[in-house]
Amino acid sequence: MSGDGTFTVLDVTPEPYAVTPILSASIGITDAGADPVHAIALRCQVRIDPPRRSYTDAESEGLTDLFGPRERWGATQHTFLWQHAATMVPGFAGTTRIDLPLACTYDVEVASAKYLHALRDGVIPLQFLFSGTVFRRGEHGFTVAQIPWDREDRYDLPVAVWRDLIAQHYPGTGWLRLRHETIAALAAYRSANGLLSCDDALTSLMRRALQEVP
């Protein structure tokens, strides 16, 4: 990739036929090299940039675990990693457009999912940092070069896009990470009380806990 090459995030949309929640980032690539690009082994670090947007009081409550109380956000809010993504770009000359898959998790113990789950409206401020290896076929064989370190772009993903994707794969549900011992104890409680699901068991336990509060 020459010094004039660029990577631009054109759009991010749900992958309609994926078994798991996946977004597809459409990336526009331009190259001004003398020889056509034979292929690119493209890597991308996708980061979330919280200071780029404002938050409602309800969203602020959901973000306390990540950033602490709102009055400390000036010191605690920094960009953080969402995910690493990679794909192979076929050969082209001049410009091309490719799809970069972005796998999504709804595990609310993961910082990125906890952040996304707290948002109600607006956008998710993303930062794409591109890297990788460019292969060219010239008159004297193949050449190999690294993508310059400063190739990046920003994209504001509507919160509704992410929420619709998660709702499509996990309608009305979410995920909690529990220790094996906790799962075993929950299953035993469910069986002993004739409950149909772990959700019912948790609801029953919470009701009992509230009744015992003086």
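Some points to look at:
- Of everything in the stretch 168-183 that is outside any helix (DSSP H, G or I) and without any contact (Cβ under 8 Å) to a residue 40 or more places away in the chain, the residue that is farthest from SER54 (Cα to Cα) is ARG179.
- Any hit, the stretch 139-151, residues being within 17 Å of SER24 (Cα to Cα) and either touching a strand residue (DSSP E or B) at 6+ places or on another chain (Cβ under 6 Å) or assigned by TED's automatic domain parsing to the domain that holds VAL37 (or both): no
- Subset of the stretch 165-178 that is surrounded by 12 or more Cβ atoms within 10 Å (Cβ to Cβ) and not β-branched (Val, Ile, Thr) - its residue that is farthest from LEU116 (Cα to Cα): LEU178
- Residue, surrounded by the most Cβ atoms within 10 Å (Cβ to Cβ), within the stretch 113-131, restricted to residues that are modelled with pLDDT under 95 and either touching a Cys at 6+ places or on another chain (Cβ under 9 Å) or under 30 Å from GLY33 (Cβ atoms) (or both): LEU116
- Of all residues in the stretch 31-56, none that is within 30 Å of GLY138 (Cβ to Cβ) and not assigned by TED's automatic domain parsing to the domain that holds THR95 has its Cβ atom under 6 Å from the Cβ atom of a residue that is at pLDDT below 95 and buried (at least 19 other Cβ atoms within 10 Å of the Cβ), 6 or more apart or on another chain.
- Residues within the stretch 68-97 that are surrounded by 11 or more Cβ atoms within 10 Å (Cβ to Cβ), small (Gly, Ala, Ser) and out of contact with any Leu (no Cβ under 7 Å at 6 or more places or on another chain), tallied: 3
- Any hit, the stretch 179-191, residues being exposed (fewer than 13 other Cβ atoms within 10 Å of the Cβ), of a type in the set (S, T, N, Q) and within 30 Å of ARG47 (Cα to Cα): no
- Test: residue in the stretch 194-214 that is assigned by TED's automatic domain parsing to the domain that holds CYS44, surrounded by fewer than 15 Cβ atoms within 10 Å (Cβ to Cβ), among the basic types (Lys, Arg) and outside any loop (DSSP other than H, G, I, E, B): no
- Qualifying residue in the stretch 95-112 (condition: farther than 25 Å from ILE22 by Cα and among the aromatic types (Phe, Trp, Tyr)): no
- Some residue of the stretch 69-86 being touching a residue at least 24 places away in the same chain (Cβ under 8 Å), over 26 Å from ALA18 (Cα atoms) and in contact with a Phe, Trp or Tyr (Cβ under 6 Å, 6 or more places away or on another chain): yes
- Filtered residues of the stretch 132-153 (kept if surrounded by fewer than 13 Cβ atoms within 10 Å (Cβ to Cβ) and closer than 18 Å to THR79 by Cβ): TRP149, ASP150
The values are calculated or read from the model by the stated rules, or taken from the named source; none is laboratory data. The shown structure was predicted, so the numbers you read here are calculated from the model rather than taken from an experiment. Note: ideal-geometry Cβ built from the backbone for every residue, glycine included; neighbour counts use all protein chains shown.
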